[in-house]
Amino acid sequence: MEPTSKGFALTAVIIAAIGFSLLAMLVLLNRRDETVSLNHEIQYDDFAFSVLSVRKAEFVGTGNSLVKPAGVFYVVTLKIANHAVRVDYKYKRDCALLVDERGKEHLPSFEGQPALETTLGPAALCSAPIPAGQSCVTEVVFDVPVGVRPSQLRITFGSLADIFDPIFSGRKRIALTPAASPAEQQ
């Protein structure tokens, strides 16, 4: 009876190795890194994100809610598009991360974001679910140290997604500089 159980175990290991190899090949063939320029969408399933503009700001907010940066404020105008047919999408402001030229990621400004939001209308907050087929434009402010240059914007859906997205989907980023025209590239 012992030889049969060893044969079964060996068969199970071989089948598991073949299955894992097929999965690895599928991942490698489907995975691709993607960086898009301003005004171009980067898509996650049915939901797409694009950066419309980036600007420096000496302060954000108005009146009593006026806030100055510890370093430099960069305000990113972000468009969120829901390309789903039936499902709403709930945008979470902290899903946008600014990546500097050294690769360091910066969260939205804890003090600057609420101040900026006092200057935005209710629709521009994108706080309500975005219906299927609709989009929303909002602004996100980042406070980065002086001398640090923003390079890209990355969208995150949480720690677990941050682990598996690069493996299965590739790195997805939005460049914060305009794409060079063919004449500029020569």
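The values are calculated or read from the model by the stated rules, or taken from the named source; none is laboratory data. Note that this is a predicted model, so its numbers are computed, not measured. Positions of Cβ are generated from backbone atoms using ideal geometry, with glycine treated the same way; all protein chains shown enter the neighbour counts.
Taking Leu97, is it surrounded by 14 or more Cβ atoms within 10 Å (Cβ to Cβ), touching a His at 6+ places or on another chain (Cβ under 7 Å) and not in a loop (DSSP other than H, G, I, E, B)? When the stated conditions are applied, Leu97 passes them.
In the set (1) over 18 Å from Asn39 (Cα atoms); (2) in contact with a Lys or Arg (Cβ under 6 Å, 6 or more places away or on another chain), Arg154 fails one condition alone, (1). For segment 69-87, enumerate the residues that are assigned to a loop (DSSP other than H, G, I, E, B) and of a type in the set (D, E, K, R). Arg86 - this is the single residue of segment 69-87 that is assigned to a loop (DSSP other than H, G, I, E, B) and of a type in the set (D, E, K, R).
Residues in segment 38-68 that are in contact (Cβ under 8 Å) with a residue 60 or more places away in the chain and assigned to a strand (DSSP E or B): Ile42, Tyr44, Phe49, Ser50, Val51, Leu52, Val54, Ala57, Val60.
All told, Ala128 meets the bar of being without any contact (Cβ under 8 Å) to a residue 40 or more places away in the chain, part of a loop (DSSP other than H, G, I, E, B) and either of a type in the set (D, E, K, R) or in the same structural domain as Arg173 (by TED's automatic domain parsing) (or both). Here segment 108-131 is the region considered, the condition is being among the aliphatic types (A, V, I, L, M) and either farther than 22 Å from Ala48 by Cβ or over 20 Å from the mean Cα position of the chain (by Cα) (or both), and the residue that is modelled with the lowest pLDDT is Ala123.
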